[in-house]
Amino acid sequence: MNDKLTIGIIIKPQGIKGELKVKAMTDSPEELTNYKEVYVGGVKQKVLNIKVVGSEVYYVLRGIADRNAAELLRGQSIEIERSDALPLENGRYYIVDVLGCLVVTDTGKEIGIVKDITNISSDIYTVKGANGQIMFPLVKDLLIDMDLKNKKITVSEKRLNEVAVYED
């Protein structure tokens, strides 16, 4: 497991004073306000100000004083130390821990490797396998086991066939 967790992605500069517009990679944008120090591009940064407006988050970091400096950070991940992360409820997982897991069915069929997870109304898993790409919502009755230690996710083949979308 990684020792750092991504909590956001810098989308773009906001204004001329170095403020950064950030896409939250957490369940709630407000969770980003819990951290006073973050890593950007592997460099520890002090957070001077955080503002949450709806689903948008704005950061001001020490040393990022103007739009030009902020522009250089476009697309960078905002990370925290795993040890600083808020505890998760039982049955909840960090996306970074799920990415790269092998997905198999309860009948032993290998589906592929988790490449992306997008949250709409539920988590949508994108899995790349030998037969192309498959996307499915991780609904309650689909998941059988999430073994992050061994990087293996077991799903119900019957339910997967009902909810999956296949791409060639």
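Residue by residue through the stretch 98-141, note down the ones that are of a type in the set (Asp, Glu) and more than 15 Å from LEU160 (Cβ to Cβ). Explain how you work it out, then say what you get.
Our first condition is that a residue be of a type in the set (Asp, Glu); within the stretch 98-141, this holds for 106, 110, 116, 123, 141.
If the condition is that a residue be of a type in the set (Asp, Glu) and more than 15 Å from LEU160 (Cβ to Cβ), then ASP116 is the only one that fits.
Which ones in the stretch 74-114 are closer than 22 Å to TYR125 by Cβ and β-branched (Val, Ile, Thr)?
Result: ILE95, VAL96, VAL98, VAL103, VAL104, THR105, THR107, ILE111, ILE113, VAL114.
Only residues in the stretch 148-168 that are assigned to a helix (DSSP H, G or I) count as the first member; pair them with residues that are modelled with pLDDT under 90 and of a type in the set (A, V, I, L, M, F, W, C), Cβ under 8 angstrom, at least 6 apart or cross-chain, and list the lot.
Pairs that qualify, where the first residue is assigned to a helix (DSSP H, G or I) and the partner is modelled with pLDDT under 90 and of a type in the set (A, V, I, L, M, F, W, C), are ARG159/VAL139; VAL163/VAL139.
Going by the structure shown, is ASP66 touching a residue at least 40 places away in the same chain (Cβ under 8 Å) and farther than 30 Å from LEU148 by Cα? Give the derivation first.
Working: touching a residue at least 40 places away in the same chain (Cβ under 8 Å): yes; farther than 30 Å from LEU148 by Cα: yes.
Against the criterion (touching a residue at least 40 places away in the same chain (Cβ under 8 Å) and farther than 30 Å from LEU148 by Cα), ASP66 qualifies.
Can you tell which of GLU79, GLU56, GLU37 is surrounded by 13 or more Cβ atoms within 10 Å (Cβ to Cβ) and in contact with a Phe, Trp or Tyr (Cβ under 7 Å, 6 or more places away or on another chain)?
Working: GLU56 fails: in contact with a Phe, Trp or Tyr (Cβ under 7 Å, 6 or more places away or on another chain); GLU37 fails: in contact with a Phe, Trp or Tyr (Cβ under 7 Å, 6 or more places away or on another chain).
That would be GLU79, the only listed residue that is surrounded by 13 or more Cβ atoms within 10 Å (Cβ to Cβ) and in contact with a Phe, Trp or Tyr (Cβ under 7 Å, 6 or more places away or on another chain).
What's the total number of residues in the stretch 84-118 that are without any contact (Cβ under 8 Å) to a residue 24 or more places away in the chain and either under 26 Å from GLU37 (Cα atoms) or part of a strand (DSSP E or B) (or both)?
12
The values are calculated or read from the model by the stated rules, or taken from the named source; none is laboratory data. Treat the numbers as computed from the prediction; the structure is a model and nothing was measured. Cβ sites come from the backbone with ideal geometry, for glycine too, and all protein chains shown count toward neighbours.
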